[in-house]
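Here is the structure we will look at, set down as structure tokens.
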Amino acid sequence: MPDYGKSGRSPQTSRRAFLRGLTSTSIALPFLPAVCSSPKEAGAAELNPGQIQVTNPSFSRAERDRRWAAIRRIMAKPQWNLDAILAPASGDTAYPRYLTQIGGRGGSADVIFPRDDSKPVPAIVSTARNQIFWEKRLDAWRSDGKLILSQGEGSKSLAEQMKNLGLNRAGARIGVAKLSGSRFDPEGLVAATFLENLKSAIPGLQFMPIEKWGADSGPIDESAMMKSSEEHQVIRSSVAAGEKAIEMIRRAARPPSRHQGDIWLQTFVAMFSATGEDPTRLSIALDAEGNTTLGAPTGDPLKEGQIISQEIDATVQGYRGQVNHSIFIGGSKTPGYDYYRTAMEAAIKLFHECIAFIVPGKTTCGQLVDYYAQLAEKLDAEDRSGVVLHSSGIANLSRPRLGSSNSRGESDIVLAPGMTFDFKPAIRMKRSAAQDVRKENRSVQIGEHVLVATASVSRLGKRELKPLTTES
């Protein structure tokens with residue numbers, strides 16, 4: 001590997017050339033076609049004349065009907081018995097997006113989702129221009145009158161729509177997204193003034209949370225775990241963009257790049273260009289666990305012999321699909337490589353053996369992470385993952401998510417057909433098994449997204465799972 005030197009620049013490449021190359025960064029990603037019931041049913045993803053992938057909402061009306069029916073079935077269960085669900089735009093915007101496809105840079109919506117399927121689903125956006133924006137993009141979901149877009153002002157407009165739907169009777173049970181949470185936001189995200197105004201406008205309503213720990217996690221959370229073939233297509237595209245990001249990091253972590261921020265920016269631009277959406281997460285760390293930089297670019301200097309770890313979630317139609325792959329800066333003769341290779345081979349072995357352990361429809365999340373912890377111990381490795389099973393989905397509507405000693409409230413959830421998740425062993429070898437060139441052994445991570453089918457579990461990614469160096 002060339003010497004970074006004091007300036008951090010290669011003799012053959014100027015800083016100006018580096019920045020000029022950065023501005024033209026793009027990834028030619030063969031996106032899978034949108035799955036639609038008919039050509040008229042969805043605004044399929046399309047490629048802009050420039051170097052950015054532009055996507056419009058592409059889920060079909062059949063997909064809308066599938067997820068709406070699944071949510072209503074759970075709403076009708078005795079333990080929930082909800083007349084409607086309210087998903088405020090001011091709370092967790094993943095819930096309005098799952099119900100309507102409205103979200104991202106185009107803004108969110110206040111959504112009222114009645115259990116009675118003969119009634120429409122109102123989605124109230126904040127401005128007239130937001131309404132025009134989404135009406136152009138949601139014809140497939142709007143054309144039969146089931147999804148109604150309007151422009152309004154917070155609780156006042158919601159109260160009017162609820163009265164129109166007959167939801168103003170005393171004792172009506174209204175589930176509220178993020179009134180309280182489980183793993184995230186246990187105290188909720190709903191504004192007190194907003195909720196008090198609704199209670200004043202429609203006295204006698206019962207407002208209740210719709211999210212819990214465990215398999216009976218709530219009408220939307222539970223439905224979102226079991227993904228359709230259309231959702232699988234979107235997650236494959238997210239994973240493909242994530243794998244391109246891994247390769248971008250490997251190539252960018254060379255002169256003239258000098259700091260973590262240099263590779264972070266190039267990777268962010270590449271991910272955004274590939275999907276047209278902000279990455280849900282891009283956290284890159286040097287000689288530390290990938291999540292330690294919290295998704296921020298930093299001034300941490302790049303040095304030969306470092307191990308780059310990361311959490312990469314490209315976003316497609318709002319859906320994240322995380323991948324991870326620790327990369328060694330240097331080559332096979334660089335001090336520290338032998339330890340890196342040994343640790344990566346152990347992590348890769350952990351991944352394959354744990355995935356083989358899963359029996360679809362029977363193995364629980366808790367059984368899988370317990371098996372992982374036991375196997376890591378047998379391989380003389382210390383678990384450094386925190387979360388080792390990280391599901392895909394819209395933002396934090398991506399459950400289950402747990403580790404050996406993290407979020408064990410999800411332990412009883414069965415790994416059932418349709419589920420997709422990143423399984424991402426992060427380990428540090430014990431000094432008795434392998435010694436790093438540092439005073440303490442460093443951690444490495446491999447993470448790959450998988451799809452649970454009826455009788456098997458398969459990878460969604462295509463890259464080879466092996467030790468990677470910047471000199472490869």
Scanning for something among the polar types (S, T, N, Q) and more than 30 Å from ILE284 (Cα to Cα), does segment 165-180 turn up at least one residue? yes
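Here's the yes/no breakdown for (1) open to solvent by 40 Å² or more (accessible area, probe 1.4 Å); (2) in contact (Cβ under 8 Å) with a residue 60 or more places away in the chain; (3) among the acidic types (Asp, Glu); (4) outside any loop (DSSP other than H, G, I, E, B):
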| position | (1), (2), (3), (4) |
| --- | --- |
| LYS212 | yes, no, no, no |
| GLU222 | yes, yes, yes, yes |
| ARG236 | yes, yes, no, yes |
| ALA240 | no, yes, no, yes |
| ILE249 | no, yes, no, yes |
| PRO256 | no, yes, no, no |
| ALA270 | no, yes, no, yes |
| ASN291 | yes, yes, no, yes |
| LYS303 | yes, yes, no, no |
Checking GLY175, GLY204, GLY166, GLY171 in turn, the sole residue that is surrounded by fewer than 16 Cβ atoms within 10 Å (Cβ to Cβ) and within 14 Å of PHE113 (Cα to Cα) turns out to be GLY166
Taking segment 305-314 and keeping only residues that are within 23 Å of the chain's Cα centre (by Cα) and open to solvent by less than 10 Å² (accessible area, probe 1.4 Å), one is left with ILE308, SER309, GLN310, ILE312, ASP313, ALA314
Going through segment 75-89 in order, the residues found to be in a loop (DSSP other than H, G, I, E, B) and either over 20 Å from the mean Cα position of the chain (by Cα) or buried (at least 24 other Cβ atoms within 10 Å of the Cβ) (or both) are ALA76, LYS77, PRO78, GLN79, TRP80, ASN81, LEU82, ASP83, PRO88
Among the residues that make up segment 318-341, is at least one of them touching a residue at least 40 places away in the same chain (Cβ under 8 Å), within 25 Å of the chain's Cα centre (by Cα) and farther than 27 Å from THR420 by Cβ? no
Selection over segment 47-90 where residues are over 25 Å from MET208 (Cβ atoms) and at pLDDT below 95 yields a count of 12
Note on segment 439-464: residues surrounded by 14 or more Cβ atoms within 10 Å (Cβ to Cβ) and of a type in the set (Lys, Arg) are ARG442, ARG459, ARG463
Of the candidates ALA123, ALA172, ALA192, ALA201, the one satisfying the condition of being free of Cβ contacts under 8 Å to residues at least 40 places away in the same chain and more than 29 Å from GLY276 (Cα to Cα) is ALA192
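The values are calculated or read from the model by the stated rules, or taken from the named source; none is laboratory data. The shown structure was predicted, so the numbers you read here are calculated from the model rather than taken from an experiment. Note: ideal-geometry Cβ built from the backbone for every residue, glycine included; neighbour counts use all protein chains shown. Ligands, DNA and RNA are stripped out before the accessible areas are found, and what is left, the full protein with its side chains, is counted by its heavy atoms. Shrake-Rupley method; radii C 1.70, N 1.55, O 1.52, S 1.80 Å.
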